[in-house]
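Okay, so here's the structure we're looking at.
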Amino acid sequence: MSELKIGLVGTGAIGRTHIERINNLLSGAKVIGCADSNLDFCRSVANEYGIKAYATGEEMIADPVIEAVIVTTLDPYHEQYVMAAVKAGKYVFCEKPLAPEADACKRIVEAEMAGGKQLVQVGFMRRYDPGYRQLKKAIQSRAYGEPLLLHCAHRNPSVPDSYDTPMAVENSMIHEIDVLRWLLGEDYATAEVRFAKDTRRTHAKLRDPQIMILTTKSGVRIDVEAFVNNGNNYEIKCEVVCEDAVLNLPEPSNIQITANAAKGIAIHQDWSTRFVEAYNTEFQEWINATKAGRVDGPSAWDGYVGQITAKAASKARDTQSIVEIAYEKKPDFYGG
């Protein structure tokens, strides 16, 4: 089978990483074109990777040579290019979020349904992490009884000054919102977000740390700590308390280091190395599914539900209250 010909819109850091990943590491596809709002920079990226630069994303998506699309632009432009791909009848991978607002996600869902075929996958890469996949298999088996509680953490050494209080939910804990719903196989009923005592490392526009509390439809209780200026290390935790056992997300394998009169294990400093295997698996499986004419990963509906949940959590944070989360019935189109 011939290689899938991909066009990428948004040539920032993560876009360039995906070009390198697909063209140098994975099989069955090649990124052959790119577009960006900064045309001069886009041309420099195209020259670097030996691919074609397009004047606009729409021009690239409309080119019959392009068979599938990756969207890695700034979040507010996701809807524009995902909709263009859907209208062109082309498979499209969109980095999270599907769109910054739930109503924009809903428009994408409606456009996809009107076209009569699933085309959209959202980049929630945690579903492809080996550790999370082990957890899901264990939970699904029910060998350890029903899950009752989840204790999770999302920690960063530091974040830029532009990172503010809402971003803890909408840019960081959005990953937990998706992957925990996937792990448990059920939607959420309520959300709340509470503040802890602020770390000395934060600033006027950021309350840090925060704790998001979610309750699922069946009553599973989840707490997620977001501590984005811990001054120490990047760390992702997930502990699932079941009736008959406690299941923990395994730490990735890293080298052991002996130095400065101490022995320890090397740790990851950010998401780019911690989840590199998940990204590789995510894109290889997307390529394989796209060539087979289907969407296997997080759907446009998952992107929509994720934003509904995130907005409910944000409302809970701003009002310091418990907010009920209301979802529409999942359409049969998405396996409802």
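The values are calculated or read from the model by the stated rules, or taken from the named source; none is laboratory data. This is a predicted model, so every value here is computed, not measured. Glycine gets a Cβ as well: all are built from the backbone with ideal geometry, and neighbour counts include every protein chain shown.
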Counting just the residues of the stretch 317-336 that are free of Cβ contacts under 8 Å to residues at least 24 places away in the same chain and in a helix (DSSP H, G or I), which one comes out nearest to Ala111 (Cα to Cα)? Asp332
When the residues of the stretch 304-319 are narrowed to those that are hydrophobic (A, V, I, L, M, F, W, C) and touching a helix residue (DSSP H, G or I) at 6+ places or on another chain (Cβ under 6 Å), which ends up farthest from Met113 (Cα to Cα)? Ala313
Given the conditions (1) touching a helix residue (DSSP H, G or I) at 6+ places or on another chain (Cβ under 8 Å); (2) surrounded by fewer than 17 Cβ atoms within 10 Å (Cβ to Cβ); (3) farther than 25 Å from Tyr327 by Cα, every one holds for Gln134 apart from (1)
Within the stretch 1-13, how many residues turn out to be crowded, with 17+ Cβ neighbours inside 10 Å and over 14 Å from Val92 (Cβ atoms)? 1
Inside the stretch 130-173, can you point out the residues that are of a type in the set (D, E, K, R) and more than 30 Å from Ala84 (Cα to Cα)? Arg133, Lys136, Lys137, Arg142, Glu146, Arg155, Asp161, Asp164
For the stretch 110-214, which strands (runs of 3 or more DSSP E) that fit wholly inside it have 2 or more residues that are more than 20 Å from the chain's Cα centre (by Cα), among the hydrophobic types (A, V, I, L, M, F, W, C) and modelled with pLDDT of 95 or more? 147-155, 188-195
Let me confirm something: among Glu328, Glu324, which residue is among the acidic types (Asp, Glu) and modelled with pLDDT under 95? Glu328
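What about Ser172, is it hydroxyl-bearing (Ser, Thr, Tyr), out of contact with any Ser or Thr (no Cβ under 9 Å at 6 or more places or on another chain) and buried (at least 21 other Cβ atoms within 10 Å of the Cβ)?
Taking the combined requirement at face value, the residue satisfies it.
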